[in-house]
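Visitor: I'd like to ask some things about the structure below.
Each reported figure results from applying straightforward, stated rules to the coordinates on display, with no laboratory input. These numbers were taken from a predicted model, which means no experiment stands behind them. Neighbour counts run over all protein chains shown; Cβ positions are idealised from the backbone, glycine included.
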Ligand code: SF4
């Protein structure tokens, strides 16, 4: 039982690190606290409660989390400090010892944030009544082992004022050798299709027009609920009001041909895919314990382009992982160059404690990682520009994002081309609206095509 009177009029500040999923979950934490009567701080205002939602994708991410926690403690003296997210799950005890931290919640416990907060808050108040000022934090932590992470925290958040991010799945059963995410988020799980449709309908009622489906390994949707990701896509496609759906990322081996065919003729699923490749060398894919080879990946790209020639395809590539000898990188580069894809998301490999990749003897130097990243990023620019250039002079429907008046507006076409509406043509009535424009030349920094009305 929670006595909300203790929280009335209190303020909270949130800080999120990492992926879209984390941002989406933070927004749900905000809603949970709002229901308790807690208001989000205004700029420059001190908070009574600080929540830091952490990431642990790389060593750098861990470092940034610790920095963010210390900054929040410093800037909000006396505030109740809660830390959750992947880093909090993997290093619960160590995080709880950071000066000023009151409560650390692992991946299973974050769904019960309000209950844990209430209990710890009352405990801190009781200590204060006994004369203990608790200036250094309670240092409490709650987390379970990976195999016991079972809860699913639903979340559907409003992103950049136009798009919604609907969490459809959490966790992963793959355990790629370089990755800690399954340890931090647990095994794959998902809610029912009916509940997700309801969340999408709610977003539509609030005026949402576009929803991005997010998760850790979305293709595993339904493994334990006897539903499939395709069933989910078909059900969401019927949600009136939502004009566009995008799928944040799908493992290639879980991207069924039926799903690609369905998207090609669907009402609202956009010709836009994001597929993690990680390496274009079969040797490296084996070392990574990925579930496909380059020939399967190439088949998926061909299939998408056959039924959706206009599709935008983003591809994740990791460079410099252990075992990526120079000849394997060259193979990978040539394979990626041969693919009809639009953009590369390049990530340098980062050593993670506890991962099996650490037993692979060949190590790539930081210098070589940088050189390889640079080459791939250049290849990515060439591919993206060539893709954009094909659409100059054509008409396209753009969903414009809300912008400050007097500034250029931006939005995306159905196939994810970024479009810029110059400030002189931008109007308030274009906010969150689908407008058909003629696509002009590249803008000043070549990050978008200019809209002509
Ligand atoms: S599929 Fe591999 S890389 Fe992706 S979250 Fe699962 S283990 Fe990590």
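Visitor: In segment 100-223, what is the volume of the convex hull around the alpha carbon atoms, normalised per residue and reported in Å³?
Guide: 154
Visitor: A follow-up question, please. For a protection proxy built on the mean count of beta-carbon atoms within 10 angstrom, sort 40-46, 252-258 highest first, please.
Guide: 252-258, 40-46
Visitor: If you restrict to DSSP beta bridges whose two residues both lie in the chain, what percentage is antiparallel, to the nearest 5?
Guide: If I count the DSSP bridges inside the chain, around 30 percent turn out antiparallel.
Visitor: Right, next: Rg and Dmax of segment 4-146, using alpha carbons, in Å: what are they?
Guide: 14.0, 42
Visitor: Can you give me the Rg/Rh ratio for segment 211-281, using Cα atoms for both radii and the Kirkwood formula for Rh?
Guide: My calculation puts Rg/Rh at 0.96.
Visitor: While we're here: Quick check: residue separation of residue 302 and residue 397 times 0.36 nm, minus the Cα distance between them. What number comes out in nm?
Guide: Fully extending the segment from residue 302 to residue 397 adds 31.7 nm.
Visitor: Order by neighbour count: 242, 98, 211, fewest other Cβ atoms within 10 Å first, most last.
Guide: The fewest-first ordering by Cβ neighbours comes to 98, 242, 211.
Visitor: Let me ask something additional. Between residue 134 and residue 235, what is 0.36 nm times their sequence separation minus the Cα-Cα distance? Round to one decimal in nm.
Guide: 31.3 nm
Visitor: Work out how much length residue 264 to residue 418 would gain on full extension: take 0.36 nm times their residue separation and subtract the Cα-Cα distance, in nm to one decimal.
Guide: So the chain would gain 53.3 nm between residue 264 and residue 418.
Visitor: Another question about this same structure. Over the chain, with a single point scatterer placed on each C-alpha, what log10 of the ratio I(q)/I(0) does the Debye formula yield at q = 0.08, 0.10 1/Å?
Guide: Here log10 of I(q) over I(0) equals -0.51, -0.81.
Visitor: How long are the semi-axes of the ellipsoid equivalent to segment 394-452, from square roots of 5 times the Cα gyration tensor eigenvalues, in whole Å, largest first?
Guide: Square roots of five times the eigenvalues give 15, 13, 9 Å.
Visitor: Moving on. Just grab the label-to-label distance for residue 286 and residue 147, each label 7 Å out from Cα along the Cβ direction, in nm (one decimal).
Guide: 3.0
Visitor: Over segment 394-452, what is the relative contact order in percent, taking alpha-carbon pairs closer than 8 angstrom and at least six residues apart?
Guide: 37
Visitor: Next up: Once the Cβ-Cβ distance between residue 158 and residue 368 is put in as r, and R0 is 45 Å, what FRET efficiency do you end up with, to the nearest 0.05?
Guide: Approximately 0.60, to the nearest 0.05.
Visitor: Set the Förster distance to 35 Å, then compute FRET efficiency between residue 46 and residue 224 from the Cβ-Cβ distance, nearest 0.05.
Guide: That gives a FRET efficiency of 0.20.
Visitor: May I ask you to derive the relative contact order of segment 148-389, considering only C-alpha pairs under 8 Å and at least 6 residues apart, and to give it as an integer percent?
Guide: It comes to 16 percent, rounded to a whole number.
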